[in-house]
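Shown next, in structure tokens, is the structure this report addresses.
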Amino acid sequence: MVVHSATLAIDEAIRARKARGEQILHLGFGEAGLPVLPTVANVLAQNTGHNAYGTVVGAPAARRAAAGYFDRRGLATDPDQLVYAPGSKALLYAVIASLPGDVVLPRPSWVSYAAQAALAAKHVIDVPIAAEAGGVPDPAALDARLTQARASGRQPGVLVLTLPDNPTGTLAPADLVREVCAVAVKHDLVILSDEIYRDLAYDPSLVLSPALVAPERTVVTTGLSKSMALGGWRIGVARLPDGERTAGLRDAIVGVASEVWSSLAGPMQDVAAYVFAEPPDVTEHVAESRQLHRTVATAVYDQFVAAGATCRPPTGAFYLYPDLEPHRDWFAAHGAKTGADAATFLLDRYGVGVLAGEAFGDEPDALRFRVATSLLYGETSDQRWEALRSADPLRLPWIAASLGQLREVLTKLGTKTT
């Protein structure tokens, strides 16, 4: 049985606690945490009358805009290669359900990949991530695991990658991406590249899409939930490869879409056409968002490392994946022997909400956690705008207070008192 998404569940639980008056430092949910750009809000307001059903794949203007978006990132794209949906999550499921074979996942990886594979009655083959970064599996381990899987009768078919990564907040370097793609080609896998965080890589020029390495077998998904903080608007798009390896995939996805969501809402297609065209106000807004994410995530990273955690430095988006193994005895002394136990203890005792790595496919007894930093920007729209425009957001009172609360809790790790 597929259960309530761990990320959505913790967000709902923490919001309920805060509504009851509890003071919670919410580091558990990957909300982009920023307000809507006014020009984008105006596009939505001006097109509320677009209430008719649209074509399943998306309006021509929206697909042309997304084609231009990919073109500018080195991926020559025909509008007919694109399919829109209410969020990229729906497209990820449609691709997984439409392609044959088992689903190969980095471990850890975003909570919904394995759940969607289960919904599609697909077996999951997980492979540990590389030392350099998350989002892709270690190439040597991937090769060995695929060989082993085939020998045992499994049929690996789809490899899911995330660039940059959720949960680790890291961007796989180009050489690592090339190595992983080479293994995918060797084993004849289709690559599903989730690039929802692409424009939030701290140095976007370092992003190498697998679609540039193995274009004939790579599906790319993206959307506006993260770079534009439009998660509640549900705007996603998939770029499908043009090759024999994936022949029929577009028709299969359109079939799923036609029976599940019909089409992306008309006003949201107008928003997509505007944003993916990347006018100056949009590119400036994304650049400011990227810098804020980087500043705050790095500050939180510094605090975890100072407290003795092992953690990859963040290189994209607003996540960290600290390992508190050095403090295992301390957690055990408080009755917390697993990652989930430790997360519950931190929330109940100290009001700090994080998500245990087990939710992302990690070992249950590991003391690793996904930490999301983007809800530290403020409780109100005014605070979030000020954070976005501040030359030194860490000095803003509400952000400084949150960082101070986290620092106070982390200094207790390993001490004899609580």
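Overview of results
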quantity	calculated
Every residue from segment 355-372 that is farther than 20 Å from Ser5 by Cβ and in contact (Cβ under 8 Å) with a residue 40 or more places away in the chain	Ala366, Leu367
Filter result (open to solvent by 20 Å² or more (accessible area, probe 1.4 Å) and of a type in the set (S, T, N, Q)) within segment 267-298	Thr283, Gln291, Thr295, Thr298
Condition met for Asp323 (surrounded by 16 or more Cβ atoms within 10 Å (Cβ to Cβ), in contact with a strand residue (DSSP E or B) (Cβ under 8 Å, 6 or more places away or on another chain), closer than 24 Å to Val296 by Cα and charged (D, E, K, R))	yes
Residue among Phe331, Phe345 that alone is touching a His at 6+ places or on another chain (Cβ under 8 Å), farther than 27 Å from Gly231 by Cβ and outside any loop (DSSP other than H, G, I, E, B)	Phe345
1 or more residues touching a strand residue (DSSP E or B) at 6+ places or on another chain (Cβ under 9 Å) and at pLDDT 95 or above: qualifying helices (runs of 4 or more DSSP H) within segment 1-118	60-71, 88-98
Within segment 330-354, tally of residues that are more than 20 Å from Arg407 (Cβ to Cβ) and either in contact (Cβ under 8 Å) with a residue 12 or more places away in the chain or not charged (D, E, K, R) (or both)	9
Every residue from segment 384-397 that is surrounded by fewer than 16 Cβ atoms within 10 Å (Cβ to Cβ) and either outside any helix (DSSP H, G or I) or touching a helix residue (DSSP H, G or I) at 6+ places or on another chain (Cβ under 8 Å) (or both)	Arg389, Ala391, Asp392, Leu394
Flag if Leu264 is outside any helix (DSSP H, G or I), open to solvent by less than 10 Å² (accessible area, probe 1.4 Å) and of a type in the set (A, V, I, L, M)	yes
Counted residues, segment 171-217 - those being open to solvent by 10 Å² or more (accessible area, probe 1.4 Å), of a type outside the set (D, E, K, R) and assigned to a helix (DSSP H, G or I)	10
Condition check for Gly58: touching a Gly at 6+ places or on another chain (Cβ under 6 Å), surrounded by 20 or more Cβ atoms within 10 Å (Cβ to Cβ) and at positive phi	no
Counted residues, segment 161-170 - those being among the aliphatic types (A, V, I, L, M) and assigned to a loop (DSSP other than H, G, I, E, B)	1
Selection count, segment 137-160, where residues are part of a helix (DSSP H, G or I) and closer than 13 Å to Pro106 by Cα	7
Per-region count, segment 26-56, residues over 23 Å from the mean Cα position of the chain (by Cα) and either touching a residue at least 24 places away in the same chain (Cβ under 8 Å) or closer than 30 Å to Gln81 by Cβ (or both)	16
Identity of the residue in segment 64-73, farther than 17 Å from Val43 by Cβ and of a type in the set (Lys, Arg), that ends up least open to solvent (accessible area, probe 1.4 Å)	Arg73
Filter pass, Gly153 being open to solvent by 10 Å² or more (accessible area, probe 1.4 Å), more than 24 Å from Leu292 (Cα to Cα) and either at pLDDT 95 or above or touching a His at 6+ places or on another chain (Cβ under 8 Å) (or both)	yes
Given (1) open to solvent by 40 Å² or more (accessible area, probe 1.4 Å); (2) at pLDDT below 95; (3) not β-branched (Val, Ile, Thr), number of the condition Ala130 does not satisfy	(1)
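One line per residue, one yes/no per condition, for (1) outside any loop (DSSP other than H, G, I, E, B); (2) within 25 Å of Asp165 (Cβ to Cβ); (3) open to solvent by 20 Å² or more (accessible area, probe 1.4 Å); (4) hydroxyl-bearing (Ser, Thr, Tyr):
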| residue | (1), (2), (3), (4) |
| --- | --- |
| Asp362 | no, yes, no, no |
| Gly378 | no, no, no, no |
| Asp382 | yes, no, yes, no |
| Ile399 | yes, yes, no, no |
| Glu408 | yes, no, yes, no |
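The values are calculated or read from the model by the stated rules, or taken from the named source; none is laboratory data. What you see is a predicted model; the values in this text were computed from it and never measured. FYI the Cβ positions are ideal-geometry reconstructions off the backbone, even for glycines, and counts take in every protein chain you see. Remember, those area values only see protein heavy atoms, side chains included, never the ligands or the DNA or RNA. Shrake-Rupley method; radii C 1.70, N 1.55, O 1.52, S 1.80 Å.
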